[in-house]
Each structure stands twice: as structure tokens, then as C-alpha cells.
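Asker: Could you have a look at this structure, given as C-alpha cells, before my questions?
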Amino acid sequence: MNCPKLTTSAIAASASTCGDLTAAFNCSNSKGAIGYHWDFGDSTVTSDTSNLIKPNYTYPDSGFYKIRLIAYSSVNKACNDTSTTTLTLYPPLHTNFTYTSSPCSQTVSFKDSSTQLSGAIITYKWTFGDGSNSALSNPTHVYSAVGTFTVTLVTSSSHGCIDSISKVIDLTKFNATFDYYVGCSDSVFFNGTLNLFNDTVKTVSWDFGDNGTSTTISPYHVYNKTGKFPVKLILTTTRGCTDTINQVVDVTKFKADFNYTTVPCNDSVSFRDISSQLGDTANQWNWNFGDGTTSTINNPLHVYDGIGTFTIKLTAITKKGCVDTLSKPVTLIDNSKASFNYTTIACRPEVQFNNLSINAFIYRWSFGDGTTSSESNPVHIYTSQGTYHITLVINPGSYCNDSSKSVINYDKAEMLPHFLPNSFTPNGDGVNDKFSVTGQNLCEDVELIVYNRWGSIIFRTKDITAGWDGRMNGDVISEGVYVYILKGEGWDRYGTITILK
């Protein structure tokens, strides 16, 4: 028959699949057809057909299925084309494994338990979670450390099926330990522990280091004295694992103790509890400060009324009821010292008081004229000449108070830096020929007046630097004693001068 238009049927489908019951088909390689008819070879139903170019079909089970594709011609039925193929669906590959670990080491034995209903498993790839791997079906692996590891197994079958599974294993090495706490006397409470996955203690053996022994996991032992003892614990598990631990046990009684901090010239004392015992701590405190006062807090601050030595007593009680008492002397020291001097201020009737005290923090000055000051280094002006009693009290009201006293003979003229001789020799020899006023700074107007014994003025000048040459009206006066007055701004200084020839 003459078929003017070529019609071909071509099936594209997976030759085989593993565990997936849905197959994808494709007839896009067919040519010259106006339509298609698929028969998927499922004998369990009659609806296993399709007219699509790229149909999908889900089979009820794994097995072998004969697929048929008809390509329809647009000219004549005789020009239709048919093609067939066989599809194989393999049952799924299920990868799995079990493992057992040695309770006394870090060795783990792995066993493959994967299943494949058709074909055989041909490859194994193990990764043990510590950087190592194996291609054996049932490997044994020794871990270099304990811990948690993720183990993965990947298998493949002779039909090309691949599957994997991961499991986390907890690898714990057998480890015996013990802790203890000391009682109120020489008694010690021990507690042994076992760190091993899925195992229990079978036998216990204690050696307390003083010839004492025990076979219970948490024994109570009384030592005859305090000190350090080498204690050994041997534990055996129900799986036959054995471990030994050695530890030095320090058997000490509970001791009350404290320290304190004092500050010179301060009436407060800081106390700090340092009572101690291994495995126990104080939680009650009774303080007696030696001055009739008490406290029940752990680290008190106490203020005393005066200096001296006080006996402090602390009674401490632990959480477990142990009691101890300790007494210590505490001495409060007063090392303050009041001291001062004073200086005058040139050309001014003022006195500068200079504080030289030790450990002073409060000042109370009394200047002897009814006035006071609380400054550290005050400046004071007296309104009249006279003798004044100066008192400095430091730290008043404190047990570190102290005082210092001094007397000042206040003369306004003497407060200024003026010097006048008590004699001179006006004989023209160039030595001590004049009676003159000298000083560091003559910084105000000063007048010098000289009187004879009858009160008559024989010399007067405001140029005190020029001085008096011992003459009156051009003639040298006779030897003798004469009176002078040095007059300043608001003050007068009196004295005598002797003329010698």
C-alpha cells in the first residue's frame, strides 16, 4: 500500500526504576502522526490507556509491563505504526543497620540490615562521623575519643537502586568518679558515681587511706584525725567493666575565721567572714564587737565610739549545722597630730597661718581675738596690737582629734619688714655714719621723727632711705640717747637711738 506520509511510533520511557511505581512516557520522537494511543500493560484494569504525547502512569506494584504505542496516520489506517517496549519496576531498596558497642572501650561493631526484594546489594559506603569510612558490609570501628557521632550507610543494588540512612550513636567510655564532703567533726560522706551508657554498678570497693574500707556506693566514714588521706574507689559493672579512681581527701574541721580593715582616724571597721570547710559554707553569723554591740550579717561594718583595743568574737554556723567560734583583737589607732606656724605678709598688717598637721580633715582655728576659721591655711588681720593666744584643733568630735597652741605678739610695725639700728657713730669715717630705715620693701609712706630728751624735734623726714646724719642745723649733736618715732599708715613704732663718737 502506498502511504504518502510516513507515520512512525517511538516510545521513550525508563527501562527500569527502583521503588517508584509512577513511570513517565514520551512519544515526541514519533513522526507524521495525527494522534496516539498508549496501552501501559496493566492487566489489573482496563483504563490503563492514554492519548497524550507525554503521559504518566502509576502501576499497582513492581514487576514487568509490556507497553504499546500506536501512531495514527492521516491517510489510511493501514499506514498506522505500532511500537512496543518492556518496562521493569523493581521493588525499593531499604538501607538499614544495627550496631553494638563494647561497654569497656570505644570499639563499635556495625551490621548491615538492608533489604532488597529483587537483585542483590553490591556496594556499601560507611562514614563513621569521625572522618573515617569503610566499604565492608559489617565493619568494626575503633573511635579515638568518646562523644556523639553521626554514622551514615549508603547501599546500592545490582539493579542500580541506591538508598541511605544516618543514625546518631552516643559513645561513652566507662568512667568511675566520686565526690565527698566533710562533716562537722572528722566524718566524711562519700558518693561514688558511674558514667557509662546502659550499664549499672555490680561491685564497689572503697579504701579510705586509713585502713578503713567499704563496699557500698555512698558510704559514711569517720577518721580518727584530720589530715590528707589517699582514697581509692574500684567499681565493676554488670557487663564486667572495671575502673579505679584515686583521689586525696582533705579531712578538715569547720573553722570560723574573719579579717578586718581599719582606717587611721576613722572610727569604722569593715569585717569580712572567711570561715571555710571543704563542701560546706557558713550561712549564719553571730558577731560580738567587744563594745557591747552585735550583728548577724556576714560582712558587717561597725562604728566604734573611741580608740583602743577590742576583742571581736565570731560564731559561724554552716548549712549542715557545724558550729565554730573565733576571737581576735582589733586595735583602732589615732595617729593624727596638730601643728602650725605663721608668717607675716610684707607691707600688709596680715598674718598667714600655715597648717602642718598630720591626718587632719577638719580644722578649727581660734585667733585669740574672738574670731575663728575652719580653713586649712587661713589669713587673719588683727585690728590692734597685743599678745594673742592661737589654738588649732583638728578633727573635733572624733577620737582622732588633736590640738596645738602658740602665742603671737602682734605689733603692726613689727609685722612690716623695717629694720632700725639702736646706735650709730656720725664721725665721718664712712662706717655707721647715719641712722636710717632699711627693709625688703618700703611699700608705703613712712615718716621718721627724732626727739631729744626734752621732747623737741631735732630731725624729721619722709625720705627714710636718706637717713639722719646726727646733725641739727648743720652741727653734730652731742652723744646721748634720743627717742624716735616711725610713723606708718595707721601704726607707730617707738624706739631709742644712741649717738656714739
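Asker: Quick one: in segment 137-158, of everything that is open to solvent by 60 Å² or more (accessible area, probe 1.4 Å) and assigned to a loop (DSSP other than H, G, I, E, B), which residue is nearest to V201 (Cα to Cα)?
Answerer: Among residues in segment 137-158 that are open to solvent by 60 Å² or more (accessible area, probe 1.4 Å) and assigned to a loop (DSSP other than H, G, I, E, B), the one nearest to V201 (Cα to Cα) is V146.
Asker: Please state which of the following conditions Q106 fails to meet, knowing it meets all the rest: (1) over 30 Å from R239 (Cβ atoms); (2) open to solvent by less than 40 Å² (accessible area, probe 1.4 Å); (3) of a type outside the set (S, T, Y).
Answerer: (1)
Asker: In segment 187-226, what residues are among the hydroxyl-bearing types (S, T, Y) and either in contact (Cβ under 8 Å) with a residue 40 or more places away in the chain or open to solvent by 20 Å² or more (accessible area, probe 1.4 Å) (or both)?
Answerer: If the condition is that a residue be among the hydroxyl-bearing types (S, T, Y) and either in contact (Cβ under 8 Å) with a residue 40 or more places away in the chain or open to solvent by 20 Å² or more (accessible area, probe 1.4 Å) (or both), then T193, T200, T203, S205, T213, S214, T215, T216, S218, Y220, T226 are the ones that fit.
Asker: For the condition open to solvent by 60 Å² or more (accessible area, probe 1.4 Å), of a type in the set (D, E, K, R) and farther than 14 Å from I11 by Cα, what is the one hit in K54, K111, K66?
Answerer: The match here is K111.
Asker: Taking the stated definitions as given, is V269 under 30 Å from Y304 (Cβ atoms), surrounded by 18 or more Cβ atoms within 10 Å (Cβ to Cβ) and not aromatic (F, W, Y)?
Answerer: Yes: the conditions hold for V269.
Asker: Can you give me the number of residues within segment 285-308 that are open to solvent by 80 Å² or more (accessible area, probe 1.4 Å) and without any contact (Cβ under 8 Å) to a residue 40 or more places away in the chain?
Answerer: 5
Asker: Is there any pair with a first residue in segment 136-150 that is over 12 Å from V108 (Cα atoms) and a second that is open to solvent by less than 80 Å² (accessible area, probe 1.4 Å) whose Cβ atoms are under 7 Å apart and which are 6 or more apart or on different chains, and what are they?
Answerer: L136/Y124; S137/D112; S137/Y124; G147/L171; T150/G129; T150/S166
Table: residues versus (1) open to solvent by 70 Å² or more (accessible area, probe 1.4 Å); (2) touching a Phe, Trp or Tyr at 6+ places or on another chain (Cβ under 9 Å).
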| position | (1), (2) |
| --- | --- |
| F310 | no, yes |
| L314 | no, yes |
| K328 | no, yes |
| L356 | yes, yes |
| A360 | no, no |
| F367 | no, yes |
| V379 | yes, yes |
| S384 | no, yes |
| Y388 | no, yes |
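Asker: OK, next. Does at least one position in segment 251-269 carry a residue that is part of a strand (DSSP E or B) and closer than 30 Å to T100 by Cα?
Answerer: Within segment 251-269, not a single residue is part of a strand (DSSP E or B) and closer than 30 Å to T100 by Cα.
Asker: Let me ask something additional. Can F229 be described as in contact with an Asp or Glu (Cβ under 7 Å, 6 or more places away or on another chain), surrounded by 13 or more Cβ atoms within 10 Å (Cβ to Cβ) and either of a type outside the set (D, E, K, R) or in contact (Cβ under 8 Å) with a residue 12 or more places away in the chain (or both)?
Answerer: Here the answer is yes, as F229 does meet what is asked.
Asker: Is there a residue being under 30 Å from K255 (Cα atoms) and open to solvent by 50 Å² or more (accessible area, probe 1.4 Å) anywhere in segment 331-346?
Answerer: Among the residues of segment 331-346, at least one is under 30 Å from K255 (Cα atoms) and open to solvent by 50 Å² or more (accessible area, probe 1.4 Å), which makes the answer yes.
Asker: Of the conditions (1) in a strand (DSSP E or B); (2) within 30 Å of N401 (Cα to Cα); (3) not charged (D, E, K, R), G292 clears all except one; give me its number.
Answerer: Every condition holds for G292 apart from (1).
Asker: Looking only at residues that are open to solvent by 10 Å² or more (accessible area, probe 1.4 Å) and closer than 30 Å to V201 by Cα in segment 159-170, which one is nearest to the chain's Cα centre (by Cα)?
Answerer: D170
Asker: Among all residue pairs at least 6 apart or on different chains, which show Cβ distances below 9 Å where the first residue, located in segment 240-263, is open to solvent by less than 80 Å² (accessible area, probe 1.4 Å) and the second is at pLDDT 90 or above and acidic (D, E)?
Answerer: So the pair list comes out as A256/D273; D257/D273; F258/D273; N259/D273.
The values are calculated or read from the model by the stated rules, or taken from the named source; none is laboratory data. Since the model is a prediction, treat every value here as computed from it, not as a measurement. Cβ atoms come from the backbone with ideal geometry, glycine included; neighbour counts cover every protein chain shown. For the accessible areas, the whole protein counts, side chains as well, though only heavy atoms, and no ligand, DNA or RNA atoms are used. Shrake-Rupley method; radii C 1.70, N 1.55, O 1.52, S 1.80 Å.
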